[in-house]
Amino acid sequence: MTTKRLTILSNTEIKFYYNPKTFAPDEQLYYFTLDEHEENIINNIGTTTSKIYFILLLGYFKASQQLFNLDTIKNIDANLRFVKLKYFPAYKQKINLKISRPTRLELERKILKLFDYMICDHEIRQQIEALVSEIVSIDNDPVFIFKEVIRYLQKNRVIIPGYTVLQELIGKAITVEEKRLASLLNKFIKKDIRLKLDKLLEADNNIHEVTHLKKELRSFGYKEMLAEIKKFKQVEDLYYVSKEFLPQLGISNSSIKYYASLVDYYNVYKLKRMERNKALIYLICFV
């Protein structure tokens, strides 16, 4: 049975962080032009195919600080023709970018050394885990956590690991944090308050109480204001409980706002189906 991974980024955002850049003609000239030091490296690379592979790999790295297997990149032909014409115009043989793995790793190593970058190894992953554990109580929004991790990796000149790696690291930290909060909920929130929170998910005249609470005020008319006062009276005791309880969680206002926003994001059906303590935490923050 496969575990469903946490959704953090949209498809557009995933492409932004992980897909190779598409180069316009002026960008080709900028990213695939070598300086003197880079030319010296090229001179010490054996075959023409490896030299061209290195120049292409170097250009893509400059553009995104990512290393790619060039054999898998679509629409690379224009860049390949540009590099071949610029540096090896007399070379007439067809270039096959499907090079051996040892050769590719050696070329990648040269680029990492050139730019003083590291791959995300086991030690770096442990650092990311520690960082995420700190961030998660400050702001539990997965997108915020992801961006903070990216900022940390860029600052420390580390290649961004695969999206699934960060999904698992962030998802694991959020699960641990939610278990911690659930434990505190069990410790401090009494049964009568739990029942009142549950009641927010019950229907009255086919409309759930939490739906009433989510409804925006339409005007400042007399009847609207009376209805608004009645609405707040319904959750007044829950409000005072939440004021006492939330500081004991040790989470930031940003996290409280994020958890509260999930009550708006999820419909009542989904809130009722999720793990009970998780839903109650969301409701307390919403109140």
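General remarks:
- Residues satisfying the stated conditions in the stretch 61-78, i.e. under 18 Å from Lys15 (Cβ atoms) and assigned to a helix (DSSP H, G or I): Phe61, Ala63, Ser64, Leu70, Thr72
- Checking Val165 against (1) part of a helix (DSSP H, G or I); (2) in contact (Cβ under 8 Å) with a residue 24 or more places away in the chain; (3) open to solvent by less than 20 Å² (accessible area, probe 1.4 Å); (4) farther than 19 Å from Tyr259 by Cα, the condition it does not meet: (3)
- Cβ pairs under 7 Å, 6+ apart, first in the stretch 122-148 and more than 23 Å from Leu181 (Cα to Cα) and assigned to a helix (DSSP H, G or I), second among the aliphatic types (A, V, I, L, M) and open to solvent by less than 10 Å² (accessible area, probe 1.4 Å): Ile124/Val158
- Pairing residues of the stretch 252-274 that are acidic (Asp, Glu) with residues that are surrounded by fewer than 18 Cβ atoms within 10 Å (Cβ to Cβ), at Cβ distances under 8 Å and at least 6 apart in sequence or on separate chains, gives Asp264/Lys214.
- Residue among Val143, Val165 that is aliphatic (A, V, I, L, M) and in contact with a Lys or Arg (Cβ under 8 Å, 6 or more places away or on another chain): Val165
- Residue satisfying condition, being modelled with pLDDT under 95, more than 22 Å from Tyr18 (Cα to Cα) and over 20 Å from the mean Cα position of the chain (by Cα), within set Ile76, Ile95: Ile95
- Of the helices (runs of 4 or more DSSP H) entirely within the stretch 236-287, those holding at least 3 residues that are of a type in the set (Lys, Arg) and open to solvent by 90 Å² or more (accessible area, probe 1.4 Å) occupy 268-273.
The values are calculated or read from the model by the stated rules, or taken from the named source; none is laboratory data. Keep in mind that what you see is a predicted model, and the values were worked out from it rather than measured. Backbone-built Cβ (ideal geometry, glycine too); neighbour counts: all protein chains shown. Calculation scope for accessible area: heavy atoms of the full protein, side chains included, ligands and nucleic acids excluded. Shrake-Rupley method; radii C 1.70, N 1.55, O 1.52, S 1.80 Å.
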